[in-house]
Structures are given as C-alpha cells and as structure tokens.
Amino acid sequence: MPGHVVKSTGPDPDPTEFLFVSREMKMKDASKPYDGKKDVWVYNDKFHFALGKINAVEGEFIVVDAAGEMKKWKKEQVMQVNPPKYEKCEDMSNLTFLNDAAVLWNLTTRYVNKLIYTYSGLFCIAVNPYKRYPIYTDRAAKIYIGKRRNEVPPHIFAISEGAFQGMCQNHENQSMLITGESGAGKTENTKKVIAYFACVGASTKKRKPGQKETNLEDQIVQTNPMLEAFGNAKTTRNDNSSRFGKFIRIHFGPSSKLAGADIEQYLLEKARVVSQGKMERSYHIFYEMMSDQIKYIKELCILSDNIFDYHFVSQGKVTVESIDDGEDMQFCEDAFTTLEFKDQEKFDVYKITGAVMHFGQLKTKMRGREEQAEPDGEEVGMKIAKLMGIDGIDLYKNLCKPKIKVGLEFVTQGRSSDQVTYSVSAISKAMYDRNFKFLFRNCNRALETGQKRVLFIGVLDIAGFEIFEFNGFEQICINFTNEKLQQFFNHHMFVLEQEEYKREGIDWVFVDFGMDLQACIDLFERNMGLLSILEEESMFPKATDKSFEEKCITNLMGTSAAFLKPKPTKSGALAHFAIMAIMLVL
C-alpha cells in the first residue's frame with residue numbers, strides 16, 4: 001500500500017543485497033587494473049565521460065587515448081581517476097579525487113548494482129530505480145534503529161534516525177528537506193520517512209485482541225493515499241507527480257513517542273483541473289471515481305460510464321499503464337475511514353469533485369445580436385446544482401447576469417459566452433482548491449490527539465523543478481519557490497559555514513554558491529516586479545495578456561538583466577518575453 005513500511009504475510013525478504021556492497025563486489029573491484037599517473041576521465045559526447053590513459057603531455061595540452069580515440073585536451077579538462085578501493089564508495093566526500101566524472105561514476109556503479117542511496121557529506125542522494133526494492137520493510141528498518149550513520153549503509157532511514165536521535169539528545173526540533181527534479185522520488189521517500197517515524201515513535205501499548213480502533217501511526221501513514229488521489233497527476237515525465245508541496249510536522253511527546261502530526265500544503269496546480277496536455281492527465285481522483293471500484297460513487301455524483309463525457313478531465317491521457325485506478329480508489333476510500341471522516345463529509349468531497357467534472361460540460365450561447373449569454377440547455381446546470389445543494393436557475397442567472405458591487409450599490413452585469421466560460425473555469429479551480437484544503441483540515445483534525453507536544457521533526461516535500469517549452473503560472477510559482485528555497489538553503493548550509501571558517505582563522509578560499517540567480521528572484525519579487533505587475537493587472541476588469549505583456553516590457557526591459565526579448569521556440573511560436581537563467585518561456 002502506498003506510504004506503508006511494507007509488510008508481508010511471510011518473513012520479510014532479505015534487504016542486504018540492496019544495501020551492502022558484497023564481499024564479491026569488493027574483491028572484483030580491487031582486482032581492476034589502475035595506474036594513478038595515467039588513468040584519467042575526459043568528456044565524451046555519447047556517455048558524457050570516458051575513461052582514458054594519458055599518452056603524452058604537450059605543453060598546455062594532454063594527449064589522451066579514450067574510447068579508441070586519441071585526442072588532445074586542455075589540462076583543466078582532464079580529471080583524475082580514484083583508486084579501485086573507492087569503487088562504490090558510500091560517502092563521496094571521502095573520494096581522493098572529487099570531480100564531476102568521479103561523482104557520476106560512483107553513482108552509476110552503485111545504481112547498476114541496485115544500491116540507490118549514496119552519501120555526499122551531509123546529504124543523502126537517491127537515484128530513482130522506478131521499481132520497488134525490499135529496502136523499506138520492518139526488517140530493513142530494524143537495521144537502522146538506534147544506529148549511527150557511519151555504522152550502517154546509506155539509506156533514507158539512516159537520515160531519519162539521525163534526525164530522531166538529534167531531537168532526543170539535543171532537545172531541539174529537527175527538519176529534513178527532500179528535494180529534486182520531478183520524478184526523482186521525493187514523495188516516495190517522504191512516505192518512507194513518515195512510515196519510519198511512525199515505527200520508531202509508536203506507542204508501546206498493545207492493542208487488545210479484536211480491537212479495531214485505528215492508532216495514530218496508521219492515521220499518519222494513511223494521509224498519503226488520500227492526498228495523492230487529490231493532489232497527484234500524470235505529467236509528461238512522471239506518472240505519479242505531486243502537483244503541490246507539503247510540509248509535515250511529526251510531533252513527539254515527553255517520552256519521544258508520537259503525539260500527533262499536522263500538514264501544511266501550498267502551490268496546488270489548479271490549472272490542471274480544467275486543462276491538460278496531450279501526454280498528461282488531470283488529478284487521479286477523477287479517474288478513480290470512474291473506475292467502478294466503489295459502487296455508490298457514480299450514482300452519488302450523477303456520473304456516466306464514459307470519461308469522455310467530461311471535457312475538463314479528458315483532454316489528455318485518461319489511463320496510465322503503471323497505475324491501477326480501481327486499487328487506488330479503494331486505498332483512498334479506506335483512508336477516509338482510517339482518518340475518521342464522517343460519511344457526509346466524504347460524500348460532500350466526492351460530490352464537489354463530481355460537480356467540477358460536470359462544470360466542463362456547462363454550455364451557454366449568445367442571445368441573438370445581444371452581447372448576452374444564455375443557457376444552452378439546462379440539464380448539466382441542474383446536475384451541478386443538485387450536487388452543490390443550490391438552485392439551478394440561480395446558478396445560470398449568476399453566471400450569465402451576475403450582480404456586482406459598484407460603489408455602494410449592486411448592478412446587474414451582462415456577460416458574453418466567453419466571459420461565462422472563463423468564470424466557469426475559475427469557479428471549478430477555486431472549488432477544487434477549497435475541497436483540497438478541506439481534506440487537509442480534516443486530516444489535521446484526525447492527527448490532533450490532545451497529547452502534550454514537546455518537539456517535532458519537520459519533513460518538507462517540495463514540488464519538483466521542471467522547465468517546459470511552455471510554462472504555466474503554477475509552474476513559474478513552483479520554480480520561483482524552489483529557487484528561493486535553494487538560496488535559503490545555500491545561505492545557511494554554505495555561506496554561514498564559510499563565515500565560521502573565517503572566524504576560526506581557517507585558510508579558506510570563499511566559494512560563491514548559486515547567487516547567479518538572485519537577479520531572477522529580484523525580478524519576480526521586487527516592487528513593480530513580475531508578480532507585482534501581475535497582481536495589479538488582475539485588479540482591472542478589462543486587462544488582457546497583451547496589456548500584461550506591455551506593462552512588463554515597460555517596467556522591466558532594461559531595468560533587469562534577467563528580462564529579455566524572446567527567441568522563437570522549437571515549434572516556431574514567439575513567446576511574449578523570456579527570463580534568463582531559469583530559462584522560462586511564457
């Protein structure tokens with residue numbers, strides 16, 4: 001089940017094959033030929049780096065025989081090779097020669113031998129195998145409980161144990177940052193972290209025979225299938241991509257036992273609710289509800305048997321080979337029970353989700369020569385009204401002829417079909433967003449135990465950084481947030497650390513970490529920057545993409561090095577403007 005430390009009816013499989021470098025591997029690596037004076041890495045177009053031998057040195061150039069080709073390289077382009085004893089090194093900060101090729105080779109050799117975790121100093125690097133290894137079982141967890149990091153092989157459990165021990169010994173809150181590009185495995189690792197804390201912090205009280213009440217550990221883990229159903233979707237690069245960020249606090253009591261949890265969410269990609277690319281899919285819940293796994297849902301939400309009856313959720317893929325929508329629907333339904341949602345609360349969540357699907361079919365038409373929309377059939381509106389507990393006539397009336405406040409009075413505004421369509425899309429996105437937030441509030445209600453909370457471990461699962469040829473507003477916000485977080489992280493982990501070196505009189509050449517993107521950050525958040533201009537334009541009823549573009553060019557062109565004129569995209573289309581460094585095309 002998603003999010004669980006894997007349990008089986010029989011004995012847990014042996015995880016050591018996927019955690020430890022075997023004796024046979026070590027012997028094989030040690031027997032590899034090595035010449036520390038001649039073996040080098042050079043760039044290679046096909047494999048990025050190739051292993052070669054120095055043939056001759058000619059002034060500023062080195063002649064290297066690599067991949068059957070003799071070629072001259074500048075000295076700074078040639079990288080040294082580590083001795084065989086460092087093959088499949090668990091912590092790359094221990095390598096004799098720490099260069100790009102050495103790092104990539106070490107990660108590669110470990111990965112092909114099913115060793116997906118590797119340390120790099122304070123960090124644990126995970127290379128996603130896109131398959132399930134038996135390294136998250138109870139048997140695997142016991143290897144790490146109570147152990148120091150250097151006593152056990154690299155694993156997300158070792159980092160989790162370090163955070164838990166740091167909290168217990170130093171009596172300070174701890175935090176874990178799980179970051180990477182979309183599809184790197186952030187959410188999966190977050191689930192394993194939560195499951196590990198639920199294991200090490202579980203109450204020692206045993207359930208009585210036949211006792212059915214769910215415990216806190218189960219509830220913390222069970223938030224995952226529900227939130228994934230409503231917050232995850234297929235993208236072009238990842239079949240199960242989290243389209244929102246979340247920060248989870250696991251609270252512990254005076255005896256370091258679980259005392260509750262709470263979750264904060266942000267940056268939900270609302271545009272996906274009403275629009276998807278050809279190779280993408282909307283949120284999993286729409287397709288899970290159509291799976292017939294839970295029999296009452298279709299009748300409750302007045303849904304047909306054909307997903308293509310609902311335009312909002314059928315613009316791209318409607319099935320995903322790696323996902324069983326029926327099975328996941330059952331996991332979601334079970335999670336509602338575990339998290340103690342009332343039946344009516346659960347039904348309302350499904351109804352609102354169904355109403356969003358129906359909204360995509362709501363049609364209007366223009367009345368004669370008038371600039372006024374009117375309903376083009378009322379069947380869809382009546383279904384939506386029934387699901388939402390409102391009057392269908394009032395729904396159409398407020399979409400086509402809404403009352404708006406002008407000064408101290410309310411006046412009726414006539415709207416065209418296009419304006420109604422925009423309103424329907426906006427309402428659908430807002431409804432889904434509020435429905436999503438309702439789930440979080442109820443999850444937090446279930447995870448509030450009333451027990452005394454002393455310390456917590458925070459786990460930040462941030463949305464993945466992606467760059468597409470076309471980037472929507474949500475993707476811009478995600479990338480901007482990621483970059484802000486990266487700057488914060490760099491400052492606290494590297495800049496302050498180097499300042500400490502300076503205070504202690506250590507001979508150290510100061511290194512600039514990632515400040516090259518500060519110009520982009522300033523472009524977004526400064527007064528009359530990109531976000532400020534967008535907010536201002538949103539206040540004007542007749543603002544358009546063109547007026548937004550013109551205001552951006554007037555205020556930003558020439559005043560920010562990151563704001564540029566666009567170049568034609570691969571498809572030949574010309575964007576409105578370009579932003580250098582993070583390479584977003586709008």
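The values are calculated or read from the model by the stated rules, or taken from the named source; none is laboratory data. Keep in mind that what you see is a predicted model, and the values were worked out from it rather than measured. Note that we place each Cβ from the backbone using ideal geometry, even for glycine, and neighbour counts take in every protein chain shown.
Couple of notes before you dig in:
- Taking the listed residues 324, 343, 376, the one that is out of contact with any helix residue (DSSP H, G or I) (no Cβ under 7 Å at 6 or more places or on another chain) and within 19 Å of residue 438 (Cα to Cα) is 343, with no other qualifying.
- Looking only at segment 457-480, and only at residues there that are surrounded by 20 or more Cβ atoms within 10 Å (Cβ to Cβ) and either of a type in the set (Asp, Glu) or out of contact with any Leu (no Cβ under 7 Å at 6 or more places or on another chain) (or both), the one that is modelled with the highest pLDDT: 457
So that you can scan it fast, the table gives a plain yes or no per residue for (1) under 22 Å from residue 252 (Cβ atoms); (2) touching a residue at least 12 places away in the same chain (Cβ under 8 Å):
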{"site": "104", "(1), (2)": "no, yes"}
{"site": "119", "(1), (2)": "no, yes"}
{"site": "122", "(1), (2)": "no, yes"}
{"site": "128", "(1), (2)": "no, yes"}
{"site": "154", "(1), (2)": "no, yes"}
{"site": "164", "(1), (2)": "yes, yes"}
{"site": "170", "(1), (2)": "yes, no"}
{"site": "174", "(1), (2)": "yes, yes"}
{"site": "189", "(1), (2)": "yes, yes"}
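- Checking the stated criteria, residue 98 turns out not to satisfy the condition of being at pLDDT 95 or above, of a type outside the set (Phe, Trp, Tyr) and either part of a loop (DSSP other than H, G, I, E, B) or within 18 Å of residue 34 (Cα to Cα) (or both).
- Selected residue (only one of 447, 395 is closer than 21 Å to residue 355 by Cβ and crowded, with 19+ Cβ neighbours inside 10 Å): 395
- Taking (1) within 26 Å of residue 52 (Cα to Cα); (2) aliphatic (A, V, I, L, M); (3) in a strand (DSSP E or B) in turn, residue 103 satisfies each apart from (3).
- Filtering segment 439-458 to residues that are under 20 Å from the mean Cα position of the chain (by Cα) and closer than 12 Å to residue 227 by Cβ leaves 439, 440, 443.
- Pairs where the first residue, in segment 469-483, is closer than 17 Å to residue 580 by Cβ and the second is at pLDDT 80 or above and surrounded by fewer than 20 Cβ atoms within 10 Å (Cβ to Cβ), C-beta under 7 Å, 6+ apart: 483/521
- Odd one out for residue 52 among (1) surrounded by 12 or more Cβ atoms within 10 Å (Cβ to Cβ); (2) more than 22 Å from residue 125 (Cα to Cα); (3) modelled with pLDDT under 90: (3)
- Failed item, numbered, when residue 524 is tested on (1) aromatic (Phe, Trp, Tyr); (2) over 16 Å from residue 480 (Cβ atoms); (3) within 26 Å of the chain's Cα centre (by Cα): (2)
- Scanning segment 339-381 for residues that are crowded, with 18+ Cβ neighbours inside 10 Å, in contact (Cβ under 8 Å) with a residue 60 or more places away in the chain and over 16 Å from residue 428 (Cα atoms) gives 339, 341.
- All positions within segment 219-258 that are more than 18 Å from the chain's Cα centre (by Cα) and surrounded by fewer than 22 Cβ atoms within 10 Å (Cβ to Cβ): 219, 253, 254, 255, 256, 257
- Any hit, segment 108-117, residues being of a type in the set (Phe, Trp, Tyr) and at pLDDT 95 or above: yes
- Residues of segment 521-571 that turn out to be hydroxyl-bearing (Ser, Thr, Tyr), free of Cβ contacts under 8 Å to residues at least 12 places away in the same chain and assigned to a loop (DSSP other than H, G, I, E, B), as a count: 2
- Every residue from segment 291-334 that is of a type outside the set (D, E, K, R), within 24 Å of residue 428 (Cβ to Cβ) and assigned to a helix (DSSP H, G or I): 296, 297, 300, 307, 308, 311, 312, 313, 329, 332
- Candidates 572, 558: the one that is farther than 30 Å from residue 406 by Cα, small (Gly, Ala, Ser) and modelled with pLDDT of 85 or more is 558.
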